[in-house]
């Protein structure tokens, strides 16, 4: 009878285990939409097998979409893979179940020696959540193997706990077993341990602690705050009498104490360094820039204008920032709004278009620079990016711009035509002057040539005259009658020349000349 009773107890324990198994938390994992156009996906490879522990952030599988191959990360609660519905290489539409996740390890996996706690590989920094999972109640005579490197707690029927360090094999005999989870922190992480009394302890890595439900309320692995150069955090340290604030400056690796917390900045406006959400812990003192658009400003002639500027600034005093403001970017935007309002209100619409280049001068932003200095910032430059108007004014300005451009083109065309005419006139005058200059030069050269020739003729005539005078003087000296000589030189030559030669005793000869020209 004892054996029969023990057999009934064993079957009852198994039925109880099955009931707990189905009552455990269960999740159905469906094919996610990993891209906006994705309608179906193909499981390229599973990174988790049935029985593996899964926590938030773990990669479940690689999914081939219509665009690329994307890693599928788990974003739900932790648990164990109970069943894979779509094997590797299978295709499933978006929303179709592909796997089942349960909160407790299945009984058949425990009997095969699977680890009940989440596996922590060597490269993993440790689990992100605390606590451990209690295995379902097993049979009276069932045994559990605790592998080397594992630990488990055996709960006795009277509530006592016994820690079993592997390697070991434990027969239950009505006991319940709970595998302990090991939390590991590497060199850039630390362990946050909360005990049953609410005390908190921070243990810097590298370190490991087994979660003991008899001692610990929770254990978490957190990443150290790693600060680069030009990075700062603000922390508050609680002591027995007061709270002390301090600024931690990088480069360093900061591990908060158990009685210390890091200040979270909440800025309504955003900047390039501190992200789009405006919530962060690390202050950066690198040069930063903020784009500021101020709408609905009024010009002197009551036109509605919006201005757009880029402000280049840098945090230079963290203590002054903490003591003077809770939202420096908003403060700077308000002061810039005041400066732009003052500038725009003094200009008409036409003057504003002509004076916008003045907004690139930092002297135009006196209130902004003063406020920046008060809150620990330095504004190095403000760059004007443009302005805008209401729809009606914008349409009117565009039409005016078209008309002005047309008139400008016509004016430039007329000016160019007149310039061409002026150029032609100048060229004609230049050409005429050059011709006159050439003519004057030619005449001057001709006169010079004629003068030279006249001088040469006079010189030649004088030389001839001098020779004749010398000749006549010689003739005179020889007794020649110059008058007769000169008359003879001027007479015409005779038509007929008769020469008679005789001596003194010759008779006188008479000659008769017949002038035939008179006949």
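The values are calculated or read from the model by the stated rules, or taken from the named source; none is laboratory data. It should be emphasised that the depicted structure is a prediction, and the values quoted were computed from it without experimental measurement. Glycine gets a Cβ as well: all are built from the backbone with ideal geometry, and neighbour counts include every protein chain shown.
Observations
- Helices (runs of 4 or more DSSP H) contained entirely in region 303-409, each with at least 3 residues that are farther than 22 Å from residue 233 by Cα, touching a helix residue (DSSP H, G or I) at 6+ places or on another chain (Cβ under 7 Å) and at pLDDT 90 or above: 328-345, 366-374
- Restricting attention to region 150-182 and to residues that are touching a strand residue (DSSP E or B) at 6+ places or on another chain (Cβ under 6 Å) and outside any strand (DSSP E or B), the residue that is nearest to residue 216 (Cα to Cα) turns out to be 180.
- Contact annotation: residue pairs with Cβ atoms under 7 Å, 6 or more positions apart or on different chains, pairing a residue in region 335-351 that is assigned by TED's automatic domain parsing to the domain that holds residue 372 and buried (at least 19 other Cβ atoms within 10 Å of the Cβ) with a partner that is at pLDDT 90 or above and not in a helix (DSSP H, G or I), are 336/309; 336/311; 336/365; 339/365.
- One residue stands out among those in region 363-393 that are free of Cβ contacts under 8 Å to residues at least 24 places away in the same chain and surrounded by 11 or more Cβ atoms within 10 Å (Cβ to Cβ): the one that is farthest from residue 332 (Cα to Cα), which is 373.
- In this structure, residue 45 does satisfy being more than 25 Å from residue 186 (Cα to Cα) and modelled with pLDDT of 75 or more.
- In region 216-246, the residues that are closer than 13 Å to residue 184 by Cα and touching a residue at least 40 places away in the same chain (Cβ under 8 Å): 219, 220, 221, 223
- Boolean, residue 167 is more than 52 Å from the chain's Cα centre (by Cα) and surrounded by fewer than 16 Cβ atoms within 10 Å (Cβ to Cβ): yes
- Count of region 175-204 residues which are within 26 Å of residue 284 (Cα to Cα) and free of Cβ contacts under 8 Å to residues at least 24 places away in the same chain: 1
- Residue within region 9-31 that is at pLDDT 75 or above, on the phi < 0 side of the Ramachandran plot, part of a loop (DSSP other than H, G, I, E, B) and more than 42 Å from the chain's Cα centre (by Cα) present: no
- In this entry, residue 213 is excluded by the filter for residues that are in contact (Cβ under 8 Å) with a residue 24 or more places away in the chain and within 30 Å of residue 330 (Cα to Cα).
- Test result for residue 248, within 20 Å of residue 182 (Cβ to Cβ) and either touching a strand residue (DSSP E or B) at 6+ places or on another chain (Cβ under 7 Å) or loosely packed, with under 14 Cβ neighbours inside 10 Å (or both): no
- Scanning region 397-405 turns up at least one residue that is surrounded by 12 or more Cβ atoms within 10 Å (Cβ to Cβ), within 20 Å of residue 297 (Cα to Cα) and not assigned by TED's automatic domain parsing to the domain that holds residue 312.
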